[in-house]
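One structure below.
The values are calculated or read from the model by the stated rules, or taken from the named source; none is laboratory data. In this text, all values refer to a predicted model and were calculated from it rather than measured experimentally. A quick note on method: Cβ atoms are made from the backbone with ideal geometry, for glycine too, and the neighbour counts reach across all protein chains shown. The area values use the complete protein model at the heavy-atom level, side chains included, leaving out ligands, DNA and RNA. Shrake-Rupley method; radii C 1.70, N 1.55, O 1.52, S 1.80 Å.
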Amino acid sequence: MPTRSPRPWQRLSVRVAAFFVAVTLLGIGLVGSLIYQQLKREVEETLGTFLLNIARTGVLLIDPALHDEVEATLAQDSDAYRRLRTTLAAIQDENGVETPIYTLTGFDAGARMARFMVTSRGPGLPGEAYALVPALLDPIGRTFREGIASRTHVYSNEHGTWITAFAPIRGAGGGVRAVLDVDYRVDVYQERLAGLRQTVVGTSLFGGLVALLAGVLFARRVTGPVSALTRGVARVAEGDLSQSLPVRSQDEVGHLTRAFNEMLEGLRQRDFIRDTLGRYVSPEVARTLLESPEGLSLGGEKREVTILMSDLRGYTRFAEEGDPAVVMQVLNGYLARMTEIIIEHGGTVNEFIGDAIFAIFGAPLAHPDHAERAAACAIAMQCAMEEVNRLHVSRGLPRLEMGIGVNTGEAVVGNIGSEKRAKYGVVGSAVNLAARVEGCTVGGQVLLSPYTYDRIRTIAEVGPPLPIEVKGIREPLLLYELRALAGLHAQRLPEAATDAGPDVPAVLPLFCWVIEGKAVHPDRVSGEVLRLGSRRLEARLDRHLPPLTNVRLRLHYPALAQDSADLYGKVLAIDEQAGAWVARIGLTSVDAADQQILETFLRAGGPLPL
């Protein structure tokens, strides 16, 4: 399933860049805020201490008696008022205070009021009421009550932002008669702090931009290899193992890229091993050996399987007489085509024995319908032989015929051999019986054992049962010639495989010898050919030969005054007629010269007259 491209906010590079910006903004903002608050506290503390010092030292310069006189007379033109005013002005000028300095009396916390008494400059007549903002009540009250200097925090009123310090003015009896009020406008410092705040904000934005650029560059460095790894993994998932990734760093990402390349090389080697192994065993066996942890261990298991064995008829003569290169080319082409069909039907090619094929269905991959698959595969192989032979005829090569035997039974499957050399194989009586069934076939024929037929009888079309004697089995074994198959793998044998074609009357002397195993029996059987076809003949014999007996034949051509070369065939059926045995014999191997003579007879409607 193709991977969907992530949305922009899902990309790792965007997330990394956003993380950089967020961390930078947070860091700069936090540091700027801490600096701002620290400076704000330091400004307040410094100014407050400065004003307290002015108030404390200024009180020492004020004559309490003169202040009592002004408070008693409330006269602004008195000498006492002028002297005190001059003192306050000097305190203001000496300390560089821009706002007037004044004294207050008559503090009333409930009314939030006090009264002016003496001011350094500006308004504030003696006895004039002075409204106190809430920020002044606690410090001025403490000074009046406790007789200690105190100050306010930064506060604001309609005239601006201020810090105010108070110092007690004591009378003759030691009591607090008034307070010295020193005000300081802090707007200029607030403007500086506001400028600092703007600087922090600007620095944060600039830092965010720098972090964004750095984050993008870093994200590219980090996510570039990660993205390349992601694309590489996607290619591997699609089966493309051709592209390794460049290692551009020595960090964790570089190690990860190097590990990916090593994994890729391992997959390439695995595919190479699988492809190479697949030239000698089926892909299923190769996959089982490579993917299963126990795939290479020796041993096996019992399992019901279906064995298919096939063999070419007449190929041995062609191999002996033909050009070696052509012989191998023909064999390889035939085996390649048959292997494709076996694999398509879920079978495993266990072994090539010359021109014979030994295939298994149901192992190593278990298929419940292994018997049906094997039967369908056998028909498909016979159909493919028609294509193979058409190609051979076009190239001037002889036709090949194939017999197939199929048997189902329990067998032991698994790895057979030694630690140094082993093969996936199958052993058991089911294999031996499959070989004997195949040995009973003629070219173009598919024979089923009764055990296979029992499993597909509802979908198989077969000919009459053929009884054969099998070593180790008391009763004759019934074989069934498969002609067609219904169901999921429905198909039918081509007519050429089930019909030997036209035949013509003939009278040709005949001698034959029974073949038992690999040996030819020395006793000769005499007879006479009655009918002749391209791949079969009907002959009268002087004694009975059981059906499916393999024979070597030699015909005499009276018109040509010569004998044929050795022909090979199999007794298909034998009946007693008029006190003689008449046998139908299928020809399995015919010399090329004899084949031409037989075809000449067929075209002429019979053997040439004497």
Query raised in the report: Looking only at residues in region 552-584 that are more than 60 Å from the chain's Cα centre (by Cα) and of a type in the set (Val, Ile, Thr), which one is farthest from Pro509 (Cα to Cα)?
Result: Ile574
**Report entry** Those residues of region 154-170 which are open to solvent by 40 Å² or more (accessible area, probe 1.4 Å) and either at pLDDT 90 or above or within 29 Å of Asp63 (Cβ to Cβ) (or both), in sequence order
**Finding:** Arg170
Report task. Only residues in region 136-152 that are closer than 18 Å to Glu44 by Cβ and modelled with pLDDT of 90 or more count as the first member; pair them with residues that are open to solvent by 20 Å² or more (accessible area, probe 1.4 Å) and charged (D, E, K, R), Cβ under 7 angstrom, at least 6 apart or cross-chain, and list the lot. Result -> Pro139/Arg151; Ala149/Arg56; Ser150/Arg142
Report task. Kindly indicate which of Ala359, Ala384 is of a type outside the set (D, E, K, R), without any contact (Cβ under 8 Å) to a residue 60 or more places away in the chain and part of a strand (DSSP E or B). Result -> Ala359
Query raised in the report: What do you reckon, is Arg270 within 30 Å of Asn407 (Cβ to Cβ), of a type in the set (Lys, Arg) and modelled with pLDDT under 90?
Result: no
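Yes/no per residue for (1) buried (at least 19 other Cβ atoms within 10 Å of the Cβ); (2) of a type in the set (Phe, Trp, Tyr):
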{"residue": "Thr103", "(1), (2)": "yes, no"}
{"residue": "Arg112", "(1), (2)": "no, no"}
{"residue": "Pro123", "(1), (2)": "no, no"}
{"residue": "Tyr130", "(1), (2)": "no, yes"}
{"residue": "Ile140", "(1), (2)": "yes, no"}
{"residue": "Val179", "(1), (2)": "yes, no"}
{"residue": "Arg185", "(1), (2)": "no, no"}
Query raised in the report: Mind checking which residues of region 60-83 are assigned to a loop (DSSP other than H, G, I, E, B), among the hydrophobic types (A, V, I, L, M, F, W, C) and either touching a Ser or Thr at 6+ places or on another chain (Cβ under 7 Å) or open to solvent by 50 Å² or more (accessible area, probe 1.4 Å) (or both)?
Result: Leu61, Ile62, Leu74
Query - Residues being open to solvent by less than 80 Å² (accessible area, probe 1.4 Å), under 17 Å from Ala573 (Cα atoms) and modelled with pLDDT under 90 - total across region 466-490 - result: 5
Report summary line: Just one listed residue, out of Thr57, Thr86, Thr24, Thr46, is open to solvent by 80 Å² or more (accessible area, probe 1.4 Å), of a type in the set (Val, Ile, Thr) and either closer than 17 Å to Leu180 by Cα or within 60 Å of the chain's Cα centre (by Cα) (or both), and it is Thr86
Query - Close pairs from region 314-328: first free of Cβ contacts under 8 Å to residues at least 40 places away in the same chain and under 16 Å from Arg395 (Cβ atoms), partner open to solvent by less than 70 Å² (accessible area, probe 1.4 Å) and assigned to a helix (DSSP H, G or I), Cβ under 7 Å, at least 6 apart - result: Val327/Phe318; Val327/Ala319
Report task. Would you please name the residue that is least open to solvent (accessible area, probe 1.4 Å), looking only at residues in region 456-465 that are over 15 Å from Thr441 (Cβ atoms) and assigned to a strand (DSSP E or B)? Result -> Ala460
Requested in this report: Those residues that are without any contact (Cβ under 8 Å) to a residue 12 or more places away in the chain and either assigned to a helix (DSSP H, G or I) or not basic (Lys, Arg) (or both), I need them from region 392-403; list them, please.
Outcome: Val393, Ser394, Gly396
